[in-house]
Amino acid sequence: MSAEFLFMDDDNRPHRAYIVEECLQSADITRMDCPAYSPDLNPIDHVWDMLVQRVAVRQPPPTCLPELSNHT
């Protein structure tokens, strides 16, 4: 049974070490380069932005966890 793997690399120096290159090649893992920091590729960043905005507009601001969890 074979599986396909894709290694998403942020071009960080340790990811480019020769030993890493050898390991990826020997395991037949394809490397996918991406920018060092790309929030567009990380959906959780968009979720955090939405949550921060929703909490920021609450008046009065929540002061405890139960207030934060209320949707009214």
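The values are calculated or read from the model by the stated rules, or taken from the named source; none is laboratory data. Everything numeric here is computed off the predicted structure, so don't read it as measured data. When we count neighbours, we look across all protein chains shown, and the Cβ atoms used for this are built from the backbone with ideal geometry, even at glycine.
Would you mention how many residues in region 15-46 are in a helix (DSSP H, G or I) and at pLDDT below 75?
Taking region 15-46 first, the residues in a helix (DSSP H, G or I) are 15-16, 18-26, 39-41, 43-46.
Remaining after also requiring at pLDDT below 75: 15, 39-41.
Number of matching residues: 4.
Being on the phi > 0 side of the Ramachandran plot, out of contact with any Asp or Glu (no Cβ under 6 Å at 6 or more places or on another chain) and at pLDDT 70 or above is the requirement here; does Asp49 meet it? Lay out the reasoning, then the answer.
Working: on the phi > 0 side of the Ramachandran plot: no; out of contact with any Asp or Glu (no Cβ under 6 Å at 6 or more places or on another chain): yes; at pLDDT 70 or above: yes.
So Asp49 does not fit the description; no.
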